[in-house]
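Below: one structure, written as structure tokens.
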Amino acid sequence: MIRFVFADLRRLWAASLVIVLLVALATALGVAVTLQERALRLGSARAADKFDLIVGAPGSETQLVLSSVFLQPAALPLMPGDVLTKLVADPRVAWAAPIGFGDNFSGYPIVGTTTALISGTTTGFVAGGMFAHEGEAVVGSGVDLAIGAEVKPMHGAAGEGGETHADSIYHVVGKLHPTGTAWDRAILVPIQAVWHIHGLGEDHDHEEDGHDEHAAADHEGETGEAHHHHGHIDADARLDEDFDHEVPGLPTVLVKPKTIADAYKLRQEYRTDGTTRAVFPAEVLTGLYATLGDARAVLMYVAYGAQALIAAALMLIAVIHVAQRRKQIGALRAFGAPRLAVFGIVWLELLLLVAIGVGLGFGLGYGAAEFLAGLFTAQSGVRLPVEFTAADAGLATAFLAVAALMAALPAALAYRQSPVEALRG
Amino acid sequence: MLSLTLSGVSISFAGLAQPVLSIDDLTVPAGGRLAVTGASGSGKSTFVNLVSGLERPGRGTIRWRDTDITTLSESRRDRWRAANVGLVMQDFHLFPGLTAADNVLLPARLARAATAEVKARALALLARVGLSRPGQSVETMSRGEMQRVAVARALLRRPGVIIADEPTASLDAEAGAEVGRLLIELADQEGATLIVVSHDERLTERLDRRIRLAAGRVVADTAAEVSP
């Protein structure tokens, strides 16, 4: 029977191909939506994995997470610098590190932070090592800069008419292992350098810009976009990561609490305080996933609709096909093929085509999701893990079960057909 | 080898006043050679359908040796036909995409009756009908060759009766003569009863007995002329 089925499909290869492709496309649509949504969820959750607690100025919690975890450029309000001072000194905190944005270089965001954050959120260096001086930078794995390369920071986004800080240059001293997060595309520099460039904070040795600590303090509370008071970095200055006095205003601080209980206590404390807002990125993302899930549901209904249409079209094709071949089917019966064999042939042919289509569709859907994830990663640095789960096997089985049921209709038509009438016609 | 006895057989179709075929009494002995002739619409095809068990008469019995096939269910008749009847039809009904050997074996395979012995017999039969390439695809064959594949298929399961419906009508004279000769020779060789529906006189003349149908009735019978 199998041999006959294969010979038949080979003979009708063009029609078979069309059916397989139709099924494959319908399947791929659903599979791609499922995989892509899952990849987005997993990828963003993994990107936020190391970000236990984020403290920022009151404002949009979502924006706070998007800016710190995904380094999405936005003008965040600043909170007083002594928040960091307090957090660093807090016994419930393992480490706390400022995250300062605003500058970029060749499309890569420049993020001012500390060695504690880099050590705490990455797995070490592919080449080189940690910055030790103000003029040094560490780059993520996705940044196309070699050790020793020069980084000239530009204020604001390149496409928005930003200005360069002409006299300030960082040198790349280390490249990090990939983390699969947006930070892979970031250039990490000492936070003090960012402050100095924007004329904030203490200037240990150089006072020629004419601003002092009071001037810096005046900037507290201003937004990142408002700095017009430029300084430059002192490339050879040693790192100062004490943050115990006169810290300039900050957009966000990443906090690593010692225990989960500490995390909740800290969030509570910095949430009720009128000048700060503390969020668990994981919690904010859960809210976003709910929205994402709704979008997925809509897309899945669209996919189901397409699948139902294609299933209906296939039924039509199958019934017409059986009608066209009634003579052949009648002859099979006349020459002694049992009715069940006739049923089996029609059923098996259809099921085989659908099975190949479903298999191909899963491949196609996976490919499409992988392709989209690749585009997303190239743009944002966040790696999206496109992967199948046991639930997808259930989906494939469901597809095949429905196909098996639907193929039974034309097969039953063939089964019931009288050989005499078929041969006469 | 099967004998055939029809008695009181009549079949009518809805909307037709006259029965399409009505045969009161017809007997073909085991190993007999019967030719059925008649104009189109005379009931020849209905005769083939009835005696091969494809169709059931409105009344009457059709007895092949001890089996009255009118009492069998459709599935039982299918099985009986597969085991006892070798059919050869005007349109060959070979399946494109399969080789000659696969075509010969197809019904047996679908009925799960293709043993090693049956497979060997398929090749032997193809050689016997003069086809030397069992692996040849049937759509590359001439019409005469195709009908010879159909003859080999009909004989595969050692049927007790070979029923041929216009076996030469779609062939040229030479190929038709060859197929006719093979049918008679193989029926002899296999000891099968042979029933041929045909208006090909060169074929029907070579059979023991000829009946002619008109309007569903036997209007001439060579057996009756010899022994009334």
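The values are calculated or read from the model by the stated rules, or taken from the named source; none is laboratory data. These figures come from a predicted structure and were not determined experimentally. With ideal geometry, Cβ positions are generated from the backbone for all residues, glycine too; neighbour counts draw on all protein chains shown.
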Task: Long-range neighbours under 6 Å by Cβ, at least six apart or interchain, first residue more than 15 Å from A:LEU66 (Cα to Cα) within region A:370-385, second of a type in the set (Ser, Thr, Tyr) - done: A:ARG383/A:THR377
Task: Among the candidates A:GLY199, A:GLY161, A:GLY180, residue that is modelled with pLDDT of 50 or more, under 23 Å from A:GLY129 (Cα atoms) and either among the aliphatic types (A, V, I, L, M) or surrounded by fewer than 24 Cβ atoms within 10 Å (Cβ to Cβ) (or both) - done: A:GLY180
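Looking at region A:75-101, which of its residues are touching a helix residue (DSSP H, G or I) at 6+ places or on another chain (Cβ under 6 Å) and either of a type outside the set (Val, Ile, Thr) or in a helix (DSSP H, G or I) (or both)? Walk me through how you get there before you give the answer.
So the first thing to find is which residues in region A:75-101 are touching a helix residue (DSSP H, G or I) at 6+ places or on another chain (Cβ under 6 Å), and the list is A:75-76, A:92-93, A:95-100.
Hits for region A:75-101 are A:ALA75, A:LEU76, A:ARG92, A:TRP95, A:ALA96, A:ALA97, A:PRO98, A:GLY100.
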Task: Verdict on B:PHE13 being outside any strand (DSSP E or B), of a type in the set (Phe, Trp, Tyr) and under 18 Å from the mean Cα position of the chain (by Cα) - done: no
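Taking region B:106-129 as the search range and keeping residues that are more than 9 Å from every other protein chain (Cβ to nearest Cβ) and in contact (Cβ under 8 Å) with a residue 40 or more places away in the chain, which one is surrounded by the fewest Cβ atoms within 10 Å (Cβ to Cβ)?
Step one: of region B:106-129, the residues more than 9 Å from every other protein chain (Cβ to nearest Cβ) are B:114-129.
Adding the requirement that they be in contact (Cβ under 8 Å) with a residue 40 or more places away in the chain leaves B:128-129.
Values: B:ARG128: 17, B:VAL129: 22.
So, considering only residues that are more than 9 Å from every other protein chain (Cβ to nearest Cβ) and in contact (Cβ under 8 Å) with a residue 40 or more places away in the chain, the one surrounded by the fewest Cβ atoms within 10 Å (Cβ to Cβ) is B:ARG128.
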Task: Criterion violated by B:GLY130 - all others in (1) in contact with a strand residue (DSSP E or B) (Cβ under 7 Å, 6 or more places away or on another chain); (2) assigned to a loop (DSSP other than H, G, I, E, B) satisfied - done: (1)
Task: Every pair of residues 6+ apart whose Cβ atoms lie under 7 Å, when the first sits in region B:62-86 and is more than 8 Å from every other protein chain (Cβ to nearest Cβ) and assigned to a strand (DSSP E or B) while the second is among the basic types (Lys, Arg) and surrounded by fewer than 19 Cβ atoms within 10 Å (Cβ to Cβ) - done: none
Open item on the list: I need the full set of residues from region A:348-378 which are surrounded by 23 or more Cβ atoms within 10 Å (Cβ to Cβ) and within 14 Å of another protein chain (Cβ to nearest Cβ), in order please.
Closed with: A:GLU349
TODO: Please tell me if A:ILE310 is at pLDDT 85 or above and closer than 15 Å to A:GLU349 by Cα.
DONE: no
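Restricting to region A:16-74, what's the tally of residues that are under 30 Å from A:ALA94 (Cβ atoms) and part of a helix (DSSP H, G or I)?
Restricting attention to region A:16-74, the residues satisfying the condition of being under 30 Å from A:ALA94 (Cβ atoms) are A:40-74.
Restricting the remaining residues to those that are part of a helix (DSSP H, G or I) gives A:40-47, A:61-69.
Summing the residues that are under 30 Å from A:ALA94 (Cβ atoms) and part of a helix (DSSP H, G or I) in region A:16-74 gives 17.
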Open item on the list: One residue is enough: does region B:91-101 have a residue meeting the conditions assigned to a strand (DSSP E or B), closer than 27 Å to B:LYS119 by Cβ and free of Cβ contacts under 8 Å to residues at least 60 places away in the same chain?
Closed with: yes
